[in-house]
1. Test each condition in (1) at pLDDT below 80; (2) touching a Leu at 6+ places or on another chain (Cβ under 9 Å) for residue 3 and report the one that comes out false.
2. What is the one condition in (1) out of contact with any Leu (no Cβ under 6 Å at 6 or more places or on another chain); (2) more than 30 Å from residue 3 (Cβ to Cβ) that residue 23 does not satisfy?
3. Which count do you get for residues in the range 1-51 that are farther than 24 Å from residue 64 by Cα, part of a helix (DSSP H, G or I) and aliphatic (A, V, I, L, M)?
4. Looking only at the range 44-67, decide whether some residue is surrounded by 13 or more Cβ atoms within 10 Å (Cβ to Cβ), modelled with pLDDT of 80 or more and among the small types (Gly, Ala, Ser).
5. Condition first: without any contact (Cβ under 8 Å) to a residue 24 or more places away in the chain, in contact with a Leu (Cβ under 6 Å, 6 or more places away or on another chain) and closer than 24 Å to residue 8 by Cα. Can you find one or more residues in the range 65-73 that meet it?
Amino acid sequence: MLRFYLELRVWALAGILISSLLLAWVRLENGNAEAMALTDTLLRVPISVVVGVLVGALVAVLSTRESHLLKYFKNR
């Protein structure tokens, strides 16, 4: 279970870093007033990434059945 949480954190961190690059680029390329307006909108992107990672992990855990796990470990 610890490995699952570690993997979840890595995916969330990767998504935040990639989306933060977009935020930094917009901030540097636009004027001050435009950058402030766009920053408010773009701050939602990293939050959406983390929510997407959490929902994806939840769906993966809920869709895994015990019979699938038994077949997986039997064939290992």
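The values are calculated or read from the model by the stated rules, or taken from the named source; none is laboratory data. Source: prediction; values computed, not measured. Reconstructed Cβ throughout: ideal geometry from the backbone, glycine too, with neighbour counts over all protein chains shown.
1. Residue 3 satisfies every listed condition except (2).
2. (1)
3. The total comes to 19.
4. Within the range 44-67, one or more residues are surrounded by 13 or more Cβ atoms within 10 Å (Cβ to Cβ), modelled with pLDDT of 80 or more and among the small types (Gly, Ala, Ser).
5. No, the range 65-73 contains no residue that is without any contact (Cβ under 8 Å) to a residue 24 or more places away in the chain, in contact with a Leu (Cβ under 6 Å, 6 or more places away or on another chain) and closer than 24 Å to residue 8 by Cα.
Okay, residues lined up against (1) modelled with pLDDT of 80 or more; (2) touching a Gly at 6+ places or on another chain (Cβ under 7 Å); (3) closer than 24 Å to residue 61 by Cα:
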{"site": "12", "(1), (2), (3)": "yes, no, yes"}
{"site": "18", "(1), (2), (3)": "yes, no, no"}
{"site": "21", "(1), (2), (3)": "yes, no, no"}
{"site": "25", "(1), (2), (3)": "yes, no, no"}
{"site": "32", "(1), (2), (3)": "no, no, no"}
{"site": "38", "(1), (2), (3)": "no, no, no"}
{"site": "41", "(1), (2), (3)": "no, no, no"}
